[in-house]
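Everything on this sheet refers to the single structure shown next.
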Amino acid sequence: MIEAKNVSLKYSDGTIALNDINLQVEPGELIYITGPSGSGKTSLLKLFMGVEYPTSGSLAVLKQPIIRGQASKIRKLRRSIGPVFQEFRLIKGRTAVENVMLGIRFLNIPQKQMKEDAINALVKVGLKHKISTLAENLSWGECQRVAIARAIARQPLLILADEPTGNLDKDNALNILELLTSFKDKNTAVIITTHATHLIESFKEGKLICVSNGSIRQERLG
Ligand code: ADP
Ligand code: MG
């Protein structure tokens with residue numbers, strides 16, 4: 001579902017964030033991307049989302065080439081991707097369930113069904129009791145779970161989580177990783193970035209991609 005061939009990304013200020021990346025991701029795969037701050041992890045996810053384009057090489061996500069001039073097709077591609085951003089991007093003044101519904105608005109399903117789907121997603125992340133709580137009254141960890149619910153409510157084929165373990169102690173970090181991993185199934189791949197390299201020994205399955213200075217090294221886990 002992701003095919004990257006000799007992909008490089010150079011930002012307009014000349015920073016080479018990624019250099020000659022080759023990577024293939026299959027449906028149902030679990031991928032951890034680790035590496036120090038500034039190594040290129042977020043840039044890699046931005047390419048997968050079609051937010052940035054490769055400056056050389058070729059990249060296809062769910063068969064959609066990530067190239068300039070296909071903006072509307074790339075927007076459509078994003079409906080099949082469930083992103084969990086570092087900063088969550090919840091909307092204040094809206095409840096947990098409204099925030100999740102905003103994430104699936106584009107699916108054009110009836111309001112009632114949309115609310116049911118949003119509630120189901122919140123139940124899956126353990127927030128049944130916070131459905132009607134305003135975003136600003138949720139704890140950091142609860143906001144993170146709402147962000148995950150918003151990503152899974154659309155039943156994505158690809159879940160992309162950027163540093164979901166940041167700010168968490170080891171137990172909570174492992175809980176969040178376990179939660180995200182639980183949404184992997186035969187059709188859905190899960191990709192998680194983390195700079196918490198001390199967690200790696202806890203990863204029991206999947207593929208580990210170590211990014212350093214824009215280059216990657218891959219290992220199989222377990
Ligand atoms: P990580 O997520 O691993 O911390 P990033 O992908 O955010 O790394 O950044 C990789 C490199 O690209 C860093 O040197 C960073 O400063 C640079 N970078 C990230 N975004 C931009 C941008 N929009 N413009 C210029 N340089 C950027
Ligand atoms: Mg980052």
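The values are calculated or read from the model by the stated rules, or taken from the named source; none is laboratory data. Remember, it's a predicted structure, so these values are computed and weren't measured experimentally. Note that each Cβ is placed from the backbone with ideal geometry, even for glycine, and that neighbours are counted across all protein chains shown.
Only residues that are in a strand (DSSP E or B) and either surrounded by fewer than 14 Cβ atoms within 10 Å (Cβ to Cβ) or acidic (D, E) (or both) were counted in region 17-59, giving 5.
Applying a threshold of 6 Å to beta carbon distances and a minimum spacing of six or more residues, or different chains, the list of pairs starting in region 157-177 at a residue that is within 20 Å of I81 (Cβ to Cβ) and ending at one that is more than 16 Å from ligand 1 (Cβ to nearest atom) and in a strand (DSSP E or B) reads L158/I81; L158/A189; I159/G82; I159/V190.
All of N172, N167 fail the test of being within 16 Å of ligand 1 (Cβ to nearest atom), within 24 Å of K92 (Cβ to Cβ) and either of a type in the set (S, T, Y) or out of contact with any Leu (no Cβ under 7 Å at 6 or more places or on another chain) (or both), apart from N167.
Among the residues of region 17-37, those identified as near ligand 1 (Cβ under 8 Å from one of its atoms) and closer than 27 Å to L179 by Cβ are G35, P36, S37.
Taking each residue of region 112-127 that is outside any helix (DSSP H, G or I) and looking for partners that are of a type in the set (A, V, I, L, M, F, W, C) with beta-carbon atoms closer than 7 Å, six or more apart or interchain, yields V125/I148; V125/A149; V125/L179; L127/A96; L127/V146; L127/A149.
From the residues in region 127-176 that are β-branched (V, I, T) and more than 27 Å from G50 (Cα to Cα), which one is farthest from ligand 2 (Cβ to nearest atom)? If we take residues in region 127-176 being β-branched (V, I, T) and more than 27 Å from G50 (Cα to Cα), then I131 is farthest from ligand 2 (Cβ to nearest atom).
Taking the criterion of being part of a loop (DSSP other than H, G, I, E, B) and under 25 Å from F48 (Cα atoms), the residues of region 82-111 that qualify are F85, Q86, E87, F88, R89, L90, I91, G103, I104, N108. Of the listed requirements (1) without any contact (Cβ under 8 Å) to a residue 40 or more places away in the chain; (2) within 16 Å of ligand 2 (Cβ to nearest atom), E52 misses just one: (1). I67 passes every criterion in (1) of a type in the set (A, V, I, L, M, F, W, C); (2) touching a residue at least 24 places away in the same chain (Cβ under 8 Å); (3) farther than 25 Å from F183 by Cα apart from (2). Applying the set (1) outside any loop (DSSP other than H, G, I, E, B); (2) within 16 Å of ligand 1 (Cβ to nearest atom); (3) exposed (fewer than 13 other Cβ atoms within 10 Å of the Cβ) to R75 leaves exactly one unmet item: (2). Taking (1) under 21 Å from V190 (Cβ atoms); (2) in contact with a strand residue (DSSP E or B) (Cβ under 6 Å, 6 or more places away or on another chain); (3) not aliphatic (A, V, I, L, M) in turn, T95 satisfies each apart from (1).
Within region 92-109, the set of residues being surrounded by fewer than 12 Cβ atoms within 10 Å (Cβ to Cβ), at negative phi and modelled with pLDDT under 95 comprises R105 only. I33 meets each of the listed conditions (1) over 20 Å from A151 (Cβ atoms); (2) within 16 Å of ligand 2 (Cβ to nearest atom); (3) of a type in the set (A, V, I, L, M) apart from (1).
Screening T197 with (1) hydroxyl-bearing (S, T, Y); (2) within 16 Å of ligand 2 (Cβ to nearest atom); (3) under 20 Å from R79 (Cα atoms) gives one miss only, at (3).
Could you please let me know if I148 is over 23 Å from L45 (Cα atoms) and either touching a residue at least 24 places away in the same chain (Cβ under 8 Å) or surrounded by fewer than 18 Cβ atoms within 10 Å (Cβ to Cβ) (or both)?
Numbers: over 23 Å from L45 (Cα atoms): no; either touching a residue at least 24 places away in the same chain (Cβ under 8 Å) or surrounded by fewer than 18 Cβ atoms within 10 Å (Cβ to Cβ) (or both): yes.
For I148, the condition - over 23 Å from L45 (Cα atoms) and either touching a residue at least 24 places away in the same chain (Cβ under 8 Å) or surrounded by fewer than 18 Cβ atoms within 10 Å (Cβ to Cβ) (or both) - is not met.
Just to be sure before I move on: is G14 farther than 21 Å from L180 by Cβ, more than 8 Å from ligand 1 (Cβ to nearest atom), of a type outside the set (S, T, N, Q) and outside any strand (DSSP E or B) in the structure I sent? For G14, the condition - farther than 21 Å from L180 by Cβ, more than 8 Å from ligand 1 (Cβ to nearest atom), of a type outside the set (S, T, N, Q) and outside any strand (DSSP E or B) - is met.
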